[in-house]
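Below you'll find the structure, written out as structure tokens, and then a few comments.
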Amino acid sequence: MQRRLGQRIMQLRKGRGWSQDTFAHLAGLNRAYPNKIEKAKVDLRFSTLVRIANVFDMTVDSLLTFDWHAASDPGKSK
């Protein structure tokens, strides 16, 4: 799940045209943290998930809801 969440966050970030630095600044994270999140190198605390969801103007539930089939097959498109 961490890998899929990292992919989701990267997709949302890139969809807004944000660099990892910009995303980190907006979410109040250390500059190196987005890279660790996107590469599934960290376990996110709930408070961090809330901050990330807020940056994307969504709920934590929405952030954690993703297409499991598409996430397992990156080449598959909707």
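List the pairs whose first member sits in region 1-29 and is at positive phi, whose second member is in a helix (DSSP H, G or I) and not small (Gly, Ala, Ser), and whose Cβ atoms are under 9 Å apart, counting only residues at least 6 apart or on separate chains?
Short answer, once both residue conditions are applied: GLY28/ARG51; GLY28/VAL55.
So, of the residues in region 22-74 that are hydroxyl-bearing (Ser, Thr, Tyr) and in a loop (DSSP other than H, G, I, E, B), which turns out to be modelled with the lowest pLDDT?
At the first step, the residues of region 22-74 found to be hydroxyl-bearing (Ser, Thr, Tyr) are 22, 33, 47-48, 59, 62, 65, 72.
Those left that are additionally in a loop (DSSP other than H, G, I, E, B): 59, 65.
Details: THR59: 96, THR65: 89.
Checking each candidate, the answer is THR65.
Scan GLN7, GLN20 and give me the residue that is among the polar types (S, T, N, Q) and out of contact with any Lys or Arg (no Cβ under 9 Å at 6 or more places or on another chain). If you could, list the steps in order and put the result at the bottom.
Numbers: GLN20 fails: out of contact with any Lys or Arg (no Cβ under 9 Å at 6 or more places or on another chain).
Being among the polar types (S, T, N, Q) and out of contact with any Lys or Arg (no Cβ under 9 Å at 6 or more places or on another chain) holds for just one of GLN7, GLN20, which is GLN7.
Would it be correct to say that SER62 is exposed (fewer than 14 other Cβ atoms within 10 Å of the Cβ) and under 13 Å from ARG8 (Cβ atoms)? It would help to see each step written out before you state the result.
Values: exposed (fewer than 14 other Cβ atoms within 10 Å of the Cβ): yes; under 13 Å from ARG8 (Cβ atoms): yes.
Taking the combined requirement at face value, the residue satisfies it.
The values are calculated or read from the model by the stated rules, or taken from the named source; none is laboratory data. In this text the structure is predicted, and so the values were computed from the model without any measurement. Cβ: placed from backbone, ideal geometry, glycine included. Neighbour counts: every protein chain shown.
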